[in-house]
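Everything on this sheet refers to the single structure shown next.
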Amino acid sequence: MLSVLRVHLPSDIPIVGCELSPYVLLRRPDQTVFTDDVPESSPIEGHFLRYKWYRIQSDKKVAICSIHPSEQATLQCLGCVKAKIPIAKSYHCSPKCFSDAWQHHRVLHERAASAVNENGNEEEEIFGRFNNNNNTNNQSLSTSQSLPTLTNGSTPLYPAAVTQRSGGETWFEVGRAKTYTPTADDIGHVLKFECVVVDAETKSPVGHANTILTSRVIPAPSPSPRRLISVSNADVAGHLDLDGRLSSTGTFTVLSYNILSDSYATSDLYGYCPSWALSWPYRRQNLLREIVGYRADIVCLQEVQSDHFDEFFAPELDKHGYQALYKKKTAEVFNGSVMTIDGCATFFRRDRFSHVKKYEVEFNKAAQSLTDALVPSAQKKTALNRLVKDNVALIVVLEAKFSNHGVDNPGKRQLVCVANTHVNVQQDLKDVKLWQVHTLLKGLEKIAASADIPMLVCGDFNSVPGSAPHALLAIGKVDPMHPDLAVDPLGILRPATKLTHTLPLVSAYSSFARIGGGIGYEQQKRRVDPATNEPLFTNCTRDFIGTLDYIFYSADSLTVESLLELLDEDSLRKDTALPSPEWSSDHIALLAEFRCKPRTRR
């Protein structure tokens, strides 16, 4: 007979919005072991599995600590209550917890006071607060409140079933599928999963039910919203391009974000991040919420695993109106599962752009061509070992569906070329990084030569400001005396005079260094390095903090209208570093709003 050998949950802490998928180990009548589902529609020798989820609701109301969400709260900040800050943020599990968090907690009070003074909702502007409903969900809800909107399981609506009541606890049935996604109603409550073998003919359970209890459900942490800050008075020439602004109407936004591949998100590297917050079921929901919240017209993601692209990001972002394009890294060096190879994914809103052309850059192929042309045959293996690193770039040409032209040129197509790349990470391979960036730029030069088209170059370049790759991108050449050029065992960087390009690229975030006064502006200026005009950091781990990610644009055809505000290091250090329960990557997202300049007649 079919029997259940083992049931367990991969994650010990359930989180609102993150699907719980139990591992159920089964034994067939022939004694073979398997984990596939056995639904009523496909029984095995007259038996199938029935699943139920219950919420164990105590008569005692429970509040959850805002800092340690797996802990029950013992005190509440009355300042938060008076300031009408989301109530979930007011709870703490101990006086020490509150004291340790005060430096960051008081910022909530200051923001609330500022919002009242300015009489506005600018905090909601670009990245609306997640889980606003957390305000009232730290107490038990009645059955009539919580169950009519139930959607977990095969039957969307069914009456609440009180299956047991003892010792001040009531068990409410909340799901009838193998998986269950906790809702805000579940916060603070323990869930119970029940799995039982059922006779297909009599519909009666056979043997005892296998059950497992979860920890208390916690709310998904809600990152503070990041505002979009106008920099339109700070174009590259240092003045407001009034003619261009008056003769064009459309702007568009571009997001670049290294989301941290699950295969790299290990407890060995990120031991400071709680295991539940490092798990993919949690991170994917948090990342999706963040990405969708930015409402960008073009989204460039790096470190997207191929299985996660196919099974999650492409279908989920499709629901929000995005078309998806993907380039997986090549696999000549990679030795893991083919499905976990990561790559670059570019998404664009169908109502804003249409797809014209796609180019794929495989640096491995470029390495093969380079060694065939320049390296003696005896040294080819050594050269390829150094150059072949599986990195790729995805280049997409899009056509705008919105107008960027004045009445003098109403019918011209507005194209834009978007490059999305992830450059090699190894710090000792400075020559390889520079060669990869140079190879990409030379490819973009060819596209620019064939069409009068604005360029955007986005990605994780694994190169800090002032490095040779950054210099090549930002100023179009590399100083022959640059220290990075000292590392060139294959001679691929010589002569240094060939390390040039003609694209008029400027880093979007350098606009923050040129903006005028104002409280918000001064705050952002402090988050930019005055020596390089780049953000102080886009990557923040326990062992490294610095800028590796950029959005470059062609300054002859685009102007920067606004930028997503940068984060403050102190606010991230409360969780040691990134990733954290609040932010699910070790990088931060960059977003810029652009306007196309009117094209001059040639």
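The values are calculated or read from the model by the stated rules, or taken from the named source; none is laboratory data. These numbers were taken from a predicted model, which means no experiment stands behind them. Using ideal geometry, Cβ is built from the backbone for each residue, glycine included, and neighbour counts are taken over all protein chains shown. Heads up: the accessible areas ignore ligands, DNA and RNA and are worked out on the full protein's heavy atoms, side chains in. Shrake-Rupley method; radii C 1.70, N 1.55, O 1.52, S 1.80 Å.
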| task | Quote to one decimal, in nm, the extra length available between Lys96 and Glu445 on full extension: 0.36 nm per residue of separation minus the C-alpha distance between them. | result | 119.8 nm
| Per-peptide average of other Cβ atoms within 10 Å, ordering 443-451, 589-597, 32-40 highest first | 589-597, 443-451, 32-40
| message | Please report the spacing between the Cα centers of the stretch 427-475 and the stretch 1-65 in Å, no decimals. | response | 50
| said: Tell me whether the stretch 434-551 comes out rounded, prolate or oblate; compute the Cα gyration tensor, take square roots of the eigenvalues as a ≥ b ≥ c, and use a/c under 1.5 as the rounded threshold. | reply: oblate
| remark: Low-density loop chymotrypsin sites (Phe, Trp or Tyr not before Pro), the stretch 269-362, at most 16 other Cβ within 10 Å, DSSP non-H/G/I/E/B, are Tyr272, Phe334
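What's the magnitude of the charge dipole for the stretch 362-499 around its Cα centre, counting Lys and Arg as +1 and Asp and Glu as -1 at the beta-carbon? Answer in Debye, nearest 20.
It comes to approximately 260 debye.
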| request: Mind giving me the nanometre distance, one decimal, between the label points for Arg514 and Asp452, set 7 Å out from Cα along Cα→Cβ? | output: 2.3
| message | At R0 = 45 Å, how high is the FRET efficiency between Tyr23 and Arg526 if r is their beta carbon distance? Nearest 0.05 is fine. | response | 0.40
| field | Straight-distance crosslink candidates among aspartates and glutamates, where the alpha carbon sits under 17 Å from Lys96 and sequence neighbours closer than 8 are dropped | value | Glu71, Asp575
| Packing rank of 521-528, 372-379, where each peptide gets the mean count of other beta carbons within 10 Å, highest leading | 521-528, 372-379
| note | For the stretch 463-548 the mean separation of alpha carbon contacts under 8 Å (6+ apart) over residue count, i.e. relative contact order in percent, is 27
| request: Can you figure out the FRET efficiency of Val356 with Glu311, using R₀ = 25 Å and their beta-carbon distance, to the nearest 0.05? | output: 0.35
| Taking the Cα-to-Cβ direction at Ser70 and at Thr382 and moving 7 Å from each Cα, how far apart do the two end points lie in nm? | 5.1
| request: Sequence neighbours fewer than 8 away in the same chain don't count; with that in mind, list the lysines whose C-alpha is under 25 Å from Lys52. | output: Lys60, Lys61, Lys178, Lys192, Lys203
| With Cβ to Cβ distances under 11 Å as the rule, what net charge do the other residues near Ala486 carry (K, R +1; D, E -1)? | -2
| Got a sec? Charge dipole of the stretch 552-602, +1 on Cβ for Lys and Arg, -1 for Asp and Glu; which of Ala577, Leu591, Leu558 is way out at the positive end? | Leu558
| remark: Once both label points are put 7 Å beyond Cα along the C-beta direction, the Ser224-Ser3 separation in nm becomes 5.7
| request: Kindly rank 557-567, 193-203 from highest to lowest mean number of other beta carbons found within 10 Å of each residue. | output: 557-567, 193-203
| said: Can you compute the label reach from Glu40? Point 7 Å from Cα along the Cβ direction, backbone N cut-off under 20 Å, restricted to the stretch 186-215. | reply: 193-210
| query | Tell me, what is the FRET efficiency for Leu78 and Phe544 to the nearest 0.05, using R0 = 45 angstrom and their Cβ-Cβ distance as r? | reply | 0.70
| remark: Under 13 Å by backbone N from the virtual spin label 7 Å along Cα-to-Cβ at Thr211, the residues of the stretch 1-35 are none
| query | What percentage of the solvent-accessible surface of the stretch 50-101, computed with a 1.4 Å probe over protein heavy atoms, is contributed by carbon and sulfur atoms? | reply | 55
